[in-house]
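Chemist: Provided herewith is a single structure, encoded as structure tokens, for subsequent inquiry.
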Amino acid sequence: MEKNNADIKSNPGHGVYNRILKYAGVFGSVQMLAMLVTLVLNKVKSVWLGPACFGITESMNRNTDVVKNLTNLGIQTVAVPEISRTVGADADAMGDSILITRSWALLTAIAGMAVCLLMSPFLSRWAFAGDAGYTVGFMLMSFAVAAAAVTGGEMAVLRGTGLMRQVALSQLFASIVSLCLSVPLYWFFKLDGIIPALVLSALGTMTVTCCYSFRAYPYSARPFSGQVLRKGFGMIGFGVFFTVAAFLGAWAWSIIAKFLMDKGGQELTGIYSAGYMLVTYFATLLLTVNDSEYFPRLSSVAADKERLQSTVDSQAQAMLMLSAPLVICFIIVMPLVVYVVLEYGKFHNSIALAQLAVAGVFFKSVSQPIACIVLAKSDQVTYLIQETICYILLVICVICGFNLYGTVGIGIALAFWELLYLGMVLTISRIRYGYRLAGKVVISFLIQAVLVAGASALSVYDGKGALVAGFALLAVSGVYTLLFFRKHTSF
């Protein structure tokens, strides 16, 4: 221990990477357990219900997300820096920030529920090619919209006050609750159990999160107090821009789901959803530390240009070094993952899509820390421009990719979109804030990018030769990562 402390003092950079690895380990391990629980649920869905289940779930979730993002004002994100700035100040200041956050969150929950109820007929016809049969389903999903808004507010409280252990545990137990609530519904009601399962899972997640948050900070909210709400106008001002951007994002994913539903129905949408679901789980497993630990830390140094540069560089370097070998490993084992997690005969077309799309997670590991700069600085206009361009590119890439190469083209398009987004946030951050990715980070990125690209190219080939070459690339990437952390940490 004395040696480790001496190492940190002699090289302060060790402390930064130690912190990143520590929280990556904590959140990564908890997310791994949560992901395993969720994968069990998806295995049940794939065996009992098939691709149609994933198609219906994708359409319901994507279109409900439009309402969520239209009404929640981005409380889960924009409230974090507001709360984190009061930590360490007097208790009254922190209590006021928590009260404001909860009041606005409850108000947006009520608004979201009302909007979802009113829009239910339109959402049903939009999502299911003119079929109004899901109107009642979307009406039930209004409870999920309200629950998500409350959950977002309580999660902002936990993250803003630095209660990272509670954040991690709430995510784990929420997954377990969702599993326990959903499986009986799928067993007894088959496809008719999908919507009740989504609603109860959202309510269960809210309950678990509230248990942790209320224990730390007893609940109090005044959603109809003009005095309280006015104090949050500064935060909500950015939230409006965040809402517009999030709405555009949800709408973009909704357009993609509708496009695929029109092209190939529930089966095609289900194959796409299952493949991208695996990539999303992997990305969440890897990048959750950015949202939970890094963003509050970045917000606290956003006004100091040198500290901001150092913080972003360290985070981007650590995340790309961690992500590269894991992405390559994911590409190699994807056929096995689909065999174990899904019904292979029904979902084998998801393999190539996921193998190619997961390369985008490597690019995202670098772009996400940089993209957080605009959030930490609460730069509303820049954020809106950045995200609008991002989602326009997403729709264009996916539609073009599918039209050219089918489901494989979707995987290529998603990876290429993440690369375009990385280039965009680098350009905007350079022009707007004077941030430039450090040369050492660029070198590491290029080395690992070549290895990831090689593994992606090998995924289109079958046979032992491709498998051996893939493991060789994994070994090179893994050794490079281990040597880096051996040099820059005291673990």
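Chemist: Using a Förster distance of 30 angstrom, determine the FRET efficiency expected from the C-beta separation of Arg125 and Cys180, and round it to 0.05.
Modeler: For Arg125 and Cys180, the calculated efficiency is 0.35.
Chemist: Right, here's the next one. Filter the DSSP H helices in the chain by two things, a Kyte-Doolittle mean of at least 1.6 and an axial alpha-carbon span of 15 angstrom or more, and list the hits by number.
Modeler: Span-like helices in the chain: 439-458.
Chemist: Measuring from label point to label point, each 7 Å out along Cα→Cβ, what is the Leu117 to Lys43 span in nm?
Modeler: In this crude label model, Leu117 to Lys43 measures out at 4.1 nm.
Chemist: 7 Å from Cα along Cα→Cβ at both Phe471 and Val87: what's the point-to-point distance in nm?
Modeler: Once both label points are built, they end up 4.4 nm from each other.
Chemist: Let me ask you something else. At a Förster radius of 22 Å, what calculated FRET efficiency corresponds to the Cβ-Cβ distance of Ile110 and Phe189, to the nearest 0.05?
Modeler: About 0.15, to the nearest 0.05.
Chemist: By count of other Cβ within 10 Å, fewest leading, how are Ser300, Ser365, Ser46, Ser175 ordered?
Modeler: Ser300, Ser46, Ser175, Ser365
Chemist: Under a point spin-label approximation (7 Å from Cα along Cα-to-Cβ), what is the Leu404-Thr427 distance to one decimal in nm?
Modeler: So the label points at Leu404 and Thr427 sit 1.9 nm apart.
Chemist: Using 0.36 nm times the number of residues separating Ile396 and Lys464, minus their current alpha carbon distance, what extension gain do you get?
Modeler: 20.9 nm
Chemist: Once R0 is set to 22 Å, what does the formula 1/(1 + (r/R0)^6) return for the Cβ-Cβ distance between Arg486 and Met32, expressed as a FRET efficiency to the nearest 0.05?
Modeler: 0.45
Chemist: Just subtract the alpha-carbon distance of Lys440 and Lys263 from 0.36 nm times their residue separation and send over the number in nm, one decimal.
Modeler: Going from the current span to full extension adds 59.2 nm.
Chemist: Could you state the orientation-averaged shadow area of the convex hull built on the Cα atoms of the chain, in nm² to one decimal?
Modeler: Result: 22.5 nm².
Chemist: Once each part is reduced to its C-alpha centroid, what is the distance from the range 124-179 to the range 205-237 in angstrom?
Modeler: Their Cα centres are 17 Å away from one another.
Chemist: Here is the link list: Lys22/Lys364; Lys68/Lys190; Lys22/Lys487; Lys45/Lys68; Lys440/Lys487. Which ones come out longer than 18 Å on Cα distance?
Modeler: Lys22/Lys364; Lys68/Lys190; Lys45/Lys68
Chemist: Oh, and also: What percent does the relative contact order of the chain come to when contacts are Cα pairs within less than 8 Å and at least six residues apart?
Modeler: 21
Chemist: Further question on the same structure: Please state the relative contact order of the range 50-231 as a whole percent: Cα pairs under 8 Å, 6+ residues apart?
Modeler: Normalised by residue count, the contact order of the range 50-231 is 28 percent.
None of the figures in this text is laboratory data; all of them are computed from the coordinates on show. As the structure is a computational prediction, the values presented were derived from the model and not from experiment. Neighbour counts run over all protein chains shown; Cβ positions are idealised from the backbone, glycine included.
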